[in-house]
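Engineer: The structure that follows is given in the form of structure tokens.
What follows draws every value from the coordinates through simple rules; no lab data is involved. Everything quoted here is computed from the prediction, not taken from an experiment. For neighbour counting, all protein chains shown are included, and Cβ atoms are generated from backbone atoms with ideal geometry for every residue, glycine included.
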Amino acid sequence: MIYNFKYLAPGTRGELHAMLADRGPAAALLSGGTDLLVNIRNGVVRPECVINVKKVKGFEGITWSAEEGLIIRAGCTINDLLRDARVRADYPLLAACAHDLASYQIRNRATVVGNVANASPCSDMAAALLCLKARAVISSSRGEREVAFPAFFKGVKKTVILPDEILERIIVPASSAGAPGDYRKLKRISGHDLAIVGVALLKQDGEIRLGISSAAPTPVYVGGLKTSDPADLVVAAALEAVHPISDVRCTREYREHMIQVYVRRLLEEVQG
Amino acid sequence: MKIKLTINGAAYEKDVAENSTLLRFLREDLGLTGTKEGCGAGECGACTVILDGRTVNACMVLAAEADGATVKTIEGEARNGKLSDIQEAFDRHHAVQCGFCSSGMVLSVRELIERNPRPSVGEIKEGLEGNFCRCTGYTQIIEAVLDVTGQIDRKGEMTHA
């Protein structure tokens with residue numbers, strides 16, 4: 001590491017909130033560290049202090065609630081999620097997106113909350129969480145608030161989280177359990193790359209929902225489509241919602257083309 | 001800051017810089033240079049170690065985060081001068097060329113076969129997706145894993161369909 005930062009490892013939620021209230025604007029939250037530590041090394045960010053959230057008591061793993069559904073806490077790694085048989089059975093789309101994220105070692109370390117709180121346009125988990133109508137629970141010493149996922153993202157690497165707050169858990173509603181869905185991610189290297197474009201599709205209660213990554217400044221949600229809608233209409237709605245750019249990975253036209261291809265394939269898979 | 005951890009069965013209590021990675025701590029503070037630094041950004045897997053039973057890229061973990069943890073590095077594979085079963089299988093199948101990826105590769109295999117004692121070729125490829133070999137030795141590495149899990153004989157013939 002290039003410069004000296006202060007490392008803090010709060011053991012309780014109260015300590016964490018106090019640290020954030022005290023040092024929030026100068027602090028970076030360390031969860032899996034798979035983005036933060038690389039960004040620090042590359043000089044992209046330069047926080048005065050790094051607050052490790054993984055040692056906070058009660059922030060581990062997932063819990064199930066009959067009323068609320070699946071609760072994913074800030075310390076829950078991608079592989080913690082994937083190792084849970086009930087997650088794989090009840091939320092196949094969530095498992096598909098998790099499975100497609102980076103490499104095995106990174107999935108052992110990277111967290112679901114970190115993948116979302118980073119607000120990268122190419123977040124794999126966001127694509128699933130948007131379709132599942134998941135909610136972010138954000139907390140601070142001032143209390144808690146809930147934000148739905150499309151509203152959570154404000155721009156590239158920007159969210160509604162304030163400097164003294166943390167995305168403490170994600171609630172995936174019980175009503176989405178059992179809904180079929182899948183994820184298609186275009187990459188340069190199979191098994192180990194950021195998405196050139198990613199499309200998640202979920203079918204629930206006669207509705208088709210899409211979550212699209214790497215196709216706009218934020219992950220894109222497309223709702224309000226019916227299972228009876230023809231594929232052309234679903235494709236048109238997807239292309240209307242995205243704003244892809246040409247960049248180092250591919251052109252805008254290629255992204256648009258592949259969104260169309262993936263939406264059609266996913267519709268066939270999930271509807272058929 | 002002071003950290004306490006167990007590495008390859010031995011207890012350590014050491015002062016570490018708060019901005020030091022686990023990789024740097026292992027290599028430079030403890031002299032455990034079997035763990036390699038490749039990309040330094042979680043892409044190549046050369047720095048793979050087993051932290052509390054799970055493989056991680058040591059370049060993306062702070063040494064401070066390993067406080068209280070149990071770590072296994074490549075130095076913990078051979079015992080009393082004798083190579084481990086995985087190392088011997090790598091040797092038999094010529095799964096090592098330059099050797100730079102081997103430390104991480106062997107530890108990823110160790111973690112894989114502990115959770116999946118008879119992985120299929122597909123599962124081996126997935127288990128090793130975060131470990132790059134640039135001498136193009138993947139076929140031999142997969143054979144070594146099939147051998148150590150009793151799925152092929154030592155000449156590389158499949159013992160089952």
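Engineer: May I ask for the net charge around B:Glu123, where only other residues with Cβ less than 12 Å from the Cβ of B:Glu123 are counted and Lys, Arg are +1 while Asp, Glu are -1?
Structural biologist: Value of the local net charge: +1.
Engineer: Return the sequence-ordered ³J(HN,Hα) values of the stretch A:88-95 in whole Hz as given by the Karplus equation 6.51 cos²θ - 1.76 cosθ + 1.60 applied to θ = phi - 60°, using x for Gly and Pro.
Structural biologist: After applying 6.51 cos²θ - 1.76 cosθ + 1.60, I find 5, 7, 7, 10, x, 5, 4, 5 Hz.
Engineer: Tell me, what is the FRET efficiency for A:Ala89 and B:Glu114 to the nearest 0.05, using R0 = 35 angstrom and their Cβ-Cβ distance as r?
Structural biologist: 0.90
Engineer: Under 37 °C and 0.692 mPa s, how fast does the stretch B:1-125 diffuse according to Stokes-Einstein, given a Kirkwood radius computed over C-alpha pairs? Answer in µm²/s, whole number.
Structural biologist: Calculated translational D: 219 µm²/s.
Engineer: Taking a ≥ b ≥ c as the square roots of the Cα gyration tensor eigenvalues, with a/c under 1.5 meaning rounded and otherwise prolate when a/b beats b/c, else oblate, which class fits the stretch A:156-217?
Structural biologist: Here the stretch A:156-217 falls in the oblate category.
Engineer: Rounding to the nearest 10 and keeping the result within 0 to 90°, find how far the Cα-based axis of helix A:13-23 lies from the longest principal axis of chain A.
Structural biologist: The two axes meet at around 80 degrees.
Engineer: Round to the nearest 10 and give me the degree value, 0 to 90, for the angle of helix B:102-115's Cα axis relative to the longest principal axis of chain B.
Structural biologist: Taking the Cα atoms of chain B, the angle to B:102-115 is about 80 degrees.
Engineer: Provide the per-residue ³J(HN,Hα) series for the stretch A:51-58, in order, calculated from phi with Karplus coefficients 6.51, -1.76, 1.60 and θ = phi - 60°, each as a whole number of Hz, with x at glycine and proline positions.
Structural biologist: Karplus-based 3J(HN,Hα) across the stretch A:51-58 equals 9, 7, 8, 6, 9, 6, 5, x Hz.
Engineer: Sticking with this one: Just to confirm my numbers, what's the Cα centroid distance between the stretch A:204-272 and the stretch A:15-66 in Å?
Structural biologist: 33
Engineer: Regarding chain A, what are the three Cα extents along the principal axes, ordered largest first, in Å?
Structural biologist: Reported extents, whole Å, longest axis first: 54, 45, 31.
Engineer: Let me ask you something else. Would you calculate a helix-derived [θ] at 222 nm for chain B, using -39,500 (n - 2.57) for each DSSP H run of n ≥ 4 and dividing by the full residue count, to the nearest 500?
Structural biologist: For chain B, the value works out to -7500 deg cm²/dmol.
Engineer: Given a Förster radius of 25 Å and the C-beta distance between A:Val248 and A:Val44 as r, what FRET efficiency does 1/(1 + (r/R0)^6) yield to the nearest 0.05?
Structural biologist: FRET efficiency, A:Val248 to A:Val44: 0.95.
Engineer: Could you work out, residue by residue across B:57-63, how many beta carbons of other chains sit within 10 Å of that residue's beta carbon, and then give the average as an integer?
Structural biologist: Whole-number average of other-chain Cβ neighbours for B:57-63 is 6.
Engineer: Give me a single rounded figure for B:39-48: the average over its residues of other chain Cβ atoms within 10 Å of their Cβ.
Structural biologist: Taking the mean over all residues of the peptide, I get 4.
Engineer: Still on this structure, I have one more. Give me the net charge of B:Thr73's neighbourhood, meaning all other residues with Cβ under 12 Å from the Cβ of B:Thr73; Lys, Arg count +1, Asp, Glu -1.
Structural biologist: Result for the local shell: +2.
Engineer: Provide Rg and Dmax in Å for the stretch A:62-176, with only Cα atoms included in the calculation.
Structural biologist: Rg, Dmax (Cα atoms, Å): 13.2, 37.
Engineer: Could you please report the charge total around B:Lys14, scoring K, R as +1 and D, E as -1 over all other residues with beta-carbon less than 15 angstrom from its beta-carbon?
Structural biologist: Once positives and negatives cancel, what remains is -3.
Engineer: Next question, about the same structure. Around A:Thr227, which amide H atoms from residues at least 5 apart in sequence, or from another chain, sit under 5 Å from its own amide H, with H modelled in the peptide plane?
Structural biologist: A:Glu207, A:Ile208
Engineer: Ranked highest first by average number of other Cβ atoms within 10 Å, how do A:71-82, A:100-111 line up?
Structural biologist: Ranking, from highest mean packing down: A:100-111, A:71-82.
Engineer: Which order do the peptides A:121-132, B:9-20 come out in when sorted by mean C-beta neighbours inside 10 angstrom, highest first?
Structural biologist: Ranked by mean Cβ neighbours within 10 Å, highest first: A:121-132, B:9-20.
Engineer: Just how large is the dipole of the stretch A:87-136 about the Cα centre, in debye to the nearest 20, putting +1 at every Lys and Arg Cβ and -1 at every Asp and Glu Cβ?
Structural biologist: 120
Engineer: Which FRET efficiency, nearest 0.05, do A:Ile2 and A:Glu207 yield, Cβ-Cβ r, R0 35 Å?
Structural biologist: It comes out at approximately 0.10.
Engineer: How far is the Cα center of the stretch B:24-82 from the Cα center of the stretch B:121-156, in Å?
Structural biologist: Using only Cα atoms, the two centres lie 21 Å from each other.
Engineer: Highest mean first, how do A:30-41, A:84-95 rank when packing is the count of other Cβ atoms within 10 Å averaged over residues?
Structural biologist: Ranked from most to least packed, the peptides come out as A:30-41, A:84-95.
Engineer: Next up: Calculate the mean, over all residues of peptide A:7-15, of how many other protein chain Cβ atoms lie within 10 angstrom of the residue's Cβ.
Structural biologist: Taking all residues of A:7-15 together, the mean is 2.
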